[in-house]
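The block underneath contains the structure these notes are about, expressed in structure tokens.
The values are calculated or read from the model by the stated rules, or taken from the named source; none is laboratory data. Quantities reported herein were computed from a predicted structural model and do not represent experimental measurements. A quick note on method: Cβ atoms are made from the backbone with ideal geometry, for glycine too, and the neighbour counts reach across all protein chains shown. Just so you know, the surface numbers come from the protein's heavy atoms only, side chains and all, with ligands and any DNA or RNA stripped out. Shrake-Rupley method; radii C 1.70, N 1.55, O 1.52, S 1.80 Å.
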Amino acid sequence: MANNRTFTMIKPDAFGAGNSGAILKMIEEAGFKIVAMKATKLSPEMAGKFYEVHSERPFYAALCAYMSSGPILPVILEKDNAVEDFRKLIGATNPADAAEGTIRKIFATSIEANAVHGSDSDENAAIEGNFFFSQFERVL
Ligand code: ATP
Ligand code: MG
């Protein structure tokens, strides 16, 4: 499978704090091209579907409530080695563990409100991008 695309969301904490522009600047400066992007808001049901893989985890209900608590910015991104390079750019799930200079280190406020999502495989990047965007909403 092609390894040149990943999917991200600017989460409600970062969007609400007005950090979307600063985060997109870091993403573009790291060499990622924007393929599709929009502002939207998830219902609790849609958040539940998106995070279905975590449905057995203790934080699932809180995560779905949080992810539907305000607007988000889903984005499809293109770059060589996109999934791995993007996970490096955002840093560890918990900002306390994230490396200096990573997006989560700079903008996340907790392990839950951690500013951005990043797909964990090429397969999930395709599934997650298709969750939010039709082919007519993509410029590349
Ligand atoms: P993401 O999938 O959002 O890129 P991730 O792959 O680093 O994050 P996952 O394990 O997939 O981390 O968890 C999904 C999301 O669930 C996290 O980004 C975070 O918002 C939330 N989360 C993860 N672990 C916890 C936890 N222990 N307590 C509360 N929320 C958590
Ligand atoms: Mg994940």
Ignoring ligands, DNA and RNA, what percent of the accessible area of the chain is carbon or sulfur (1.4 Å)?
54
If you project the alpha carbons of the range 3-44 onto the principal axes, what extent comes out on each, in Å, largest first?
31, 21, 13
Per the rule of 0.36 nm per residue minus the C-alpha distance, extending V53 to T109 adds in nm 17.8 nm
Using θ = phi - 60° and the Karplus form 6.51 cos²θ - 1.76 cosθ + 1.60, what ³J(HN,Hα) does each residue of the range 93-98 get, whole Hz, x for Gly and Pro?
3, 8, x, 5, 9, 6
Using θ = phi - 60° and the Karplus curve 6.51 cos²θ - 1.76 cosθ + 1.60, what whole-Hz ³J(HN,Hα) does each residue of the range 126-140 get, with Gly and Pro shown as x?
5, 4, 5, x, 5, 4, 9, 10, 8, 5, 7, 9, 10, 9, 10
Distribution output for the chain: share of Cα-Cα pairs per 5 Å bin in percent, first bin at 0, values 2, 11, 20, 24, 24, 14, 4, 0
How high is the FRET efficiency between A62 and R87 when r is their beta carbon distance and R₀ equals 25 Å, given to the nearest 0.05?
0.65
Between M46 and A22, with labels modelled 7 Å along Cα→Cβ, what's the label distance in nm to one decimal, could you check?
2.7
HN-Hα couplings for the range 12-29 via Karplus (6.51, -1.76, 1.60; θ = phi - 60°), in whole Hz with x for Gly/Pro, come out as x, 5, 6, 4, x, 7, x, 9, 4, x, 5, 5, 4, 4, 4, 5, 5, 5
Once you list every other residue whose beta carbon is under 13 Å from the beta carbon of K33, what net charge do they have if Lys and Arg are +1 and Asp and Glu are -1?
-2
